[in-house]
């Protein structure tokens with residue numbers, strides 16, 4: 001090349017040099033065009049390949065027992081010779097051809113190729129724009145994996161009384177949900193639901209922006225006559241999306257699912273049995289936990305429930321011992337609140353009480369609102385402990401258009417009545433509530449009047465008496481360490497750390513730097529921590545709660561810690577468990593409720 005350059009440089013004929021230079025430039029341009037054409041061909045080939053793979057998945061039959069490698073090899077060999085979608089063989093979509101006593105559990109849906117497609121299509125490191133849970137791990141787990149949710153022998157042998165005309169419409173709203181969790185929800189329902197009860201599955205796309213949830217999802221699910229996809233005209237939020245889906249249903253029983261659930265065997269029958277006995281209550285299964293990190297599934301205990309707190313959020317807590325003693329495992333058991341992931345109810349009753357609040361902004365509070373509305377307006381809630389559904393607890397994908405506390409403010413204004421100041425103190429630390437739309441509030445209050453709803457005081461006395469009304473000047477309440485609550489022992493005197501699965505005699509509150517249980521104050525007396533009559537002049541009754549520690553005024557080097565049989569005082573150090581609180585209040589905010 002160097003020699004050619006020297007010859008070209010010292011040519012005497014200027015015209016010849018210009019001709020050679022022009023030809024060289026022309027050759028370079030032709031080379032670039034050829035390279036670009038090759039790249040476009042490769043890209044077009046890859047895009048065609050992915051498109052054909054999606055089309056090919058639609059053509060796969062409901063088959064029995066093909067191995068993953070055999071399916072993959074066959075699909076790769078035939079991927080370039082696919083026929084048009086209209087001429088393909090499709091999934092078994094005529095459900096009436098199946099025997100009514102059968103469920104889809106006996107039919108092996110070929111999900112192996114769908115798994116292959118997911119693993120090939122989705123990024124190996126998940127989607128960094130939506131880091132809601134471990135998508136990479138989820139994409140590697142079988143879509144039809146067997147759940148290990150324990151069902152007691154009593155549940156398995158129980159004869160459920162279900163009306164033969166009960167037809168279930170499953171409503172699953174979603175927004176930007178990864179395929180793996182969405183299909184794991186759908187396939188689990190198909191495999192573990194008696195066909196004679198399942199009328200339809202309606203997927204409600206709440207304005208997703210991910211491309212694979214648009215046309216590719218339609219192509220995959222199109223052949224199923226009893227699965228439909230409806231799309232909201234704008235991002236509605238989970239409450240309105242559920243209402244939108246419910247209005248499209250044809251069944252007389254509605255079951256709402258989050259789009260990242262896994263049902264256990266026999267999940268539906270206990271719910272239908274409970275609704276058949278009382279159509280004016282909402283029923284829910286036990287919620288197992290699917291880890292958002294490892295995607296491992298574990299069941300839920302029979303003695304925990306969802307309940308509300310003064311911030312109008314839901315949390316888990318223990319059932320009262322008296323309730324557990326008076327109900328068999330197969331009985332629906334009264335439930336104070338909903339977690340919202342899965343619940344079922346009679347369709348007519350759902351619309352009678354106004355469904356879920358269309359007035360909610362974004363995500364949060366809609367399940368608690370429905371629970372309070374059902375209890376106060378003539379219905380109720382029940383937990384069916386023979387039914388278990390796993391749920392991925394992950395961050396929500398919604399963006400709030402206005403104040404994130406708006407939903408809490410709306411519920412408080414609508415339902416709390418005389419207890420509104422408490423919610424204000426807990427949720428807003430004494431600051432002003434976000435302004436609630438007056439038209440929306442009037443509509444909710446009109447619904448309360450039409451349904452002849454009871455005041456919230458009735459709920460406190462009859463449904464959740466454990467929700468203690470904070471004493472005046474309370475700053476913190478319901479102190480706990482991990483899953484152990486600080487409470488008085490059975491002797492009604494000793495301070496103990498009691499597991500949450502047991503009944504708590506009373507939650508400990510911090511009032512004017514004293515730890516109170518009802519009308520008693522925690523006292524250091526005779527080298528023990530006991531509850532004694534409150535005495536303003538007793539220096540051994542004053543405590544400082546800060547930085548997740550409780551130190552006595554008389555010696556700030558000591559901290560309350562769990563002892564062998566009861567709580568005790570130990571030298572403070574970083575290894576002592578942290579003491580947390582359920583609610584905090586702005587100083588001086590809580591006033592006496594008359």
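Coordinate-derived values only; no laboratory data. Since this is a predicted model, take the numbers as computed values, not measurements. All Cβ positions, glycine included, derive from the backbone under ideal geometry; neighbour counts span all protein chains shown.
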Task: Relative packing of 176-186, 571-581, 315-325, which averages over residues the other C-beta atoms within 10 Å, highest first - done: 176-186, 315-325, 571-581
- [ ] Compute the separation of the alpha-carbon centres of the stretch 211-273 and the stretch 301-339 and state it in Å as a whole number.
- [x] 27 Å
- [ ] Counting other beta carbons within 10 Å of each Cβ, put 215, 358, 346 in order, fewest first.
- [x] 215, 358, 346
- [ ] Quick one: pull the percentage of alpha-carbon pairs in the stretch 406-462 with a separation above 15 Å.
- [x] 51 percent
Task: Average Cα contact separation per residue, the stretch 95-392, under 8 Å, 6 or more apart, as relative contact order % - done: 23 percent
TODO: Would you order 484, 351, 405, 343 from fewest to most other beta-carbon atoms within 10 Å of each residue's own beta-carbon?
DONE: 351, 484, 405, 343
Task: Residues 256, 360, sorted so that the one with the fewest Cβ neighbours within 10 Å comes first - done: 360, 256
Open item on the list: So for each of 281-288, 418-425 I average, over its residues, the number of other beta carbons within 10 Å; can you give me the resulting order with the highest mean first?
Closed with: 281-288, 418-425
Open item on the list: Rounded to whole Å, give me the distance from the Cα center of the stretch 157-195 to that of the stretch 350-398.
Closed with: 17 Å
Open item on the list: Among 267-274, 137-144, 190-197, how do they line up by average Cβ neighbours within 10 Å per residue, starting with the highest?
Closed with: 267-274, 190-197, 137-144
Open item on the list: Report D for the stretch 474-584 in µm² per second (integer): Stokes-Einstein, Kirkwood Rh on Cα pairs, 10 °C, 1.306 mPa s.
Closed with: 116 µm²/s
TODO: Output the relative contact order of the stretch 474-584, whole-number percent, from Cα pairs under 8 angstrom with separation of 6+ residues.
DONE: 27 percent
